[in-house]
Protein chains: 2
Amino acid sequence: MAELEVRLAEAVGRRPGFASEVAAEALSAGGKRLRPLLCFLSSRNGDDELLLAAGTATELVHMATLVHDDLVDGARMRRGVPAAWSVFGPGAALSAGDYLFACAFAELAATENSRAVGTLADACLALARGEAMQRSQTRKPETTIDDYLERCALKTGKLFEAACRLGSGGDPDLGAYGLALGIAFQIADDILDCAGQTQETGKIPGTDLREGTPTMPLLLAAQQDAIVRSALAGGPLEGALVRVAGTDALARSREAALDYAAKARSCVGSAPHREELEALTYAVVDRAS
Amino acid sequence: MAELEVRLAEAVGRRPGFASEVAAEALSAGGKRLRPLLCFLSSRNGDDELLLAAGTATELVHMATLVHDDLVDGARMRRGVPAAWSVFGPGAALSAGDYLFACAFAELAATENSRAVGTLADACLALARGEAMQRSQTRKPETTIDDYLERCALKTGKLFEAACRLGSGGDPDLGAYGLALGIAFQIADDILDCAGQTQETGKIPGTDLREGTPTMPLLLAAQQDAIVRSALAGGPLEGALVRVAGTDALARSREAALDYAAKARSCVGSAPHREELEALTYAVVDRAS
């Protein structure tokens, strides 16, 4: 993983300029590096160079989406530090995100593995579709749980899946593991947004409700509570988050996340890093940030 | 070129959703399809499938940058119709741009030509760097002509170069042709912004001055005229565009565009479509839109 950090910095720094500076700044904020970890843990024996390139590329794509998401959401904080756009301006953040996407493809294209590039491109398509889906679901408390889950698959699951496929040379079981793990991760993230503390998550809780993003806990709570429903539709927010915690929505969402985690475990089979992959399925649900 | 239109629509429509709809709308506004044309004219005999994929990919990347540029610039019009963000909202436009980038890479990855993917990734990196460079040059009348030309190379030249390289299977002379042609094209574009009519260009003239984007005609005029210099730095705009036309800045910029066009012609050598490629070097400078 130390090698990965070096590689990430190199990939971003190779073409100097303002876009590279903004991207490097976003990179330095750190992160869990979960997608590269998935690449490494999915490998059987593997081509080290391809693994490193794949880990770097998936993390760069993830960074790109964070930079772009914060820009559109107007989120001023990311991992406890100011978001790129709020420091450098919206135009710089947009270019930096585009730059990070291009860095990812440049990194993977250098391995001359077209199948790998195709896998990454598919994941990027899914990400963009998931982002767009989120826009069209905004302030819609009538969003179904199925539509929410599809969004989770597109926004988070598909890049986890890609990381596992890239790491394992296209193993469909490990791909399915990544997809289910990503959905579990996203549900857990959405629970944290309802219940977490800024100190721990580096994010301000209640962001989804404020922005009208219908997550599983908010949708389940809205089904039971008219005030939450109205807040999610753009009405007054006062007290709504406390009311979410007063329903069984957080517990039921946690159950759903655990179900997806179990589904992920059922796909691990005889992977060499089976234990670590299984441990991850618990860790993504039970986390504080 | 008819086949290309079908292919473009297919590439964008393959993954349904909101991002695809917004992207399809942006596509339907049309365009010169100059980058695919460069692919086709650069080919020697060529793999038709690769040519079509390369033409589609370069146009999709171009569309992506237009959608993102309009978003950040707040430009409400594009080719005489409203820009994507002003119809669908900023978030949708951001996702649609990301979606178009991913479509481009998916298209090229399907050809299993890693070198081609690398060429496209490099062009995307250049585009993002050029965009960022434009931000950092904004409202700076002290920007040098060399820095302006570097921006043109990154923002426009590199994708023209990529189109020619992709079409010719990597011919460096045709790459150099594309780069020079792109710079000529960009200078001509910047002249049109000072002198063109909305009716013809589909854009509102004077946009660069209003946004403080230092183009060659504006920089040359600013060297001679304090009112233009102050307008470019963010001061009052009244009468500044008329004063640009009162200097020799437009004529000198046109000379520079013609020089780059001549440079492009000098690279054509014995290309099979030599005549068409030469004709393009005149057409990009002498155009009304």
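Every number here is computed from the coordinates shown, using simple stated rules; none is lab data. Computed from a prediction, not measured in an experiment: that's the story for all the values here. When we count neighbours, we look across all protein chains shown, and the Cβ atoms used for this are built from the backbone with ideal geometry, even at glycine.
Which pairs break 24 Å Cα to Cα here: A:Lys140/A:Lys263; B:Lys32/B:Lys158; B:Lys158/B:Lys263; A:Lys155/A:Lys263; B:Lys155/B:Lys263? Numbers along the way, then the final one.
Details: A:Lys140/A:Lys263 29 Å; B:Lys32/B:Lys158 17 Å; B:Lys158/B:Lys263 15 Å; A:Lys155/A:Lys263 19 Å; B:Lys155/B:Lys263 19 Å.
The pairs that break the limit, which is 24 Å between Cα atoms, are A:Lys140/A:Lys263.
Quick check on region B:1-89: take the gyration tensor over C-alpha atoms, sort the square-rooted eigenvalues as a ≥ b ≥ c, and tell me if it's rounded (a/c under 1.5), prolate or oblate. Intermediate values should be presented prior to the final figure.
Details: a/c = 2.68, a/b = 1.78, b/c = 1.51.
Taking the square roots of the gyration eigenvalues as a ≥ b ≥ c, region B:1-89 is prolate.
Using helices alone, what [θ] at 222 nm do you get for chain B, with -39,500 (n - 2.57) per DSSP H run of 4 or more residues, divided over all residues and rounded to the nearest 500?
Working: 17 runs with 211 residues, N = 289.
That comes out to -23000 deg cm²/dmol.
Over the protein assembly as shown, with a single point scatterer placed on each C-alpha, what log10 of the ratio I(q)/I(0) does the Debye formula yield at q = 0.06, 0.07, 0.09 1/Å?
Computed log10 I(q)/I(0) values: -0.31, -0.43, -0.69.
Could you tell me whether region A:142-289 comes out rounded, prolate or oblate from its Cα gyration tensor? Rule is a ≥ b ≥ c as square roots of the eigenvalues, rounded for a/c under 1.5, then prolate if a/b exceeds b/c, otherwise oblate.
Details: a/c = 2.46, a/b = 2.12, b/c = 1.16.
It is prolate, given that a/c is not under 1.5 and a/b is the larger ratio.
I need the peptides A:217-226, A:264-273 ranked by packing, meaning the mean over residues of other C-beta atoms within 10 angstrom, with the highest value on top.
On the way: A:217-226: 21.6, A:264-273: 17.2.
Descending packing order for the listed peptides: A:217-226, A:264-273.
How would you classify chain A from its alpha-carbon gyration tensor, with a ≥ b ≥ c the square roots of the eigenvalues: rounded for a/c under 1.5, else prolate if a/b is greater than b/c, otherwise oblate? Display every interim value, and only then the final one.
Working: a/c = 2.04, a/b = 1.32, b/c = 1.55.
Because a/c hits 1.5 or more and a/b fails to exceed b/c, chain A counts as oblate.
7 Å from Cα along Cα→Cβ at both B:Ile145 and B:Asp259: what's the point-to-point distance in nm?
If labels sit at B:Ile145 and B:Asp259, their model points lie 0.5 nm apart.
If we hang a label 7 Å off Cα along the beta carbon direction at B:Arg287, how far is it from the matching labels on the other copies, in nm, shortest first?
4.8
Please list the non-local residues whose amide H lies under 5 Å from the amide H of A:Met77, H modeled 1.01 Å from N, same-chain partners needing a gap of 5 or more.
Residues meeting the amide H criterion: A:Ala83.
Using Cα centres only, tell me the gap between region B:123-176 and region B:26-94 in whole Å.
Value for the Cα centre distance between the two parts: 16 Å.
Shielding by partners for A:131-144, please: the mean number of other protein chain Cβ atoms within 10 Å of each residue's Cβ. Don't jump to the answer; show the numbers that get you there.
Working: counts 10, 16, 4, 3, 11, 9, 1, 2, 0, 0, 0, 0, 0, 0.
Taking all residues of A:131-144 together, the mean is 4.
Please compute the average number of Cβ atoms from other chains found within 10 Å of each residue's Cβ in peptide A:85-95.
Details: counts 0, 0, 0, 3, 4, 5, 11, 5, 3, 10, 14.
Mean shielding count: 5.
For B:Val87, place a label point 7 Å from Cα along the Cα-to-Cβ direction in every copy; what are the distances to the other copies, in nm, shortest first?
3.7
Using the Karplus curve 6.51 cos²θ - 1.76 cosθ + 1.60 with θ = phi - 60°, work out ³J(HN,Hα) for each residue of region A:53-58 in order, rounded to whole Hz, and write x for Gly and Pro.
These are the phi-based 3J(HN,Hα) values: 5, 5, x, 4, 5, 5 Hz.
Taking H placed 1.01 Å from N in the peptide plane, check which residues at least 5 places from A:Asn113 or on another chain put their amide H under 5 Å from its amide H.
When sequence neighbours closer than 5 places are left aside, there are no close amide H contacts.
For a quick check of your reading of the filter: which trypsin sites (Lys or Arg not before Pro) in region B:50-96 sit in a DSSP loop and have no more than 13 other Cβ atoms within 10 Å? Write down the numbers at each step before the final one.
Values: sites: B:Arg76, B:Arg78, B:Arg79; in loops: B:Arg76, B:Arg79.
Listed in order of number, the matching sites are B:Arg76.
Report the label-to-label distance for B:Glu112 and B:Glu275 in nanometres (one decimal), using points 7 Å from each Cα along the Cα→Cβ vector.
Each label point is offset 7 Å from its Cα along the Cβ direction, giving 3.8 nm.
Any idea how far apart B:Gln224 and A:Asp173 come out in nm if each label point goes 7 Å out from Cα toward Cβ?
Each label point lies 7 Å from its Cα, and together they span 7.5 nm.
Calculated FRET efficiency, A:Thr207 and B:Val87, Cβ-Cβ r, R0 30 Å, to nearest 0.05? It would help to have the intermediate numbers written out before the result.
Details: r = 26 Å, r/R0 = 0.88.
About 0.70, to the nearest 0.05.
Measuring nothing but label to label, 7 Å from Cα along Cα→Cβ, what are A:Asn45's distances to the other copies in nm, shortest first?
Between copies, matching label points for A:Asn45 lie 4.2 nm apart.
Taking neighbour counts of Cβ atoms within 10 Å as a proxy for exposure, in what order, fewest first, do B:Cys124, A:Cys103 appear? Could you put the intermediate results ahead of the total?
Working: B:Cys124 27, A:Cys103 30.
Result, fewest neighbours first: B:Cys124, A:Cys103.
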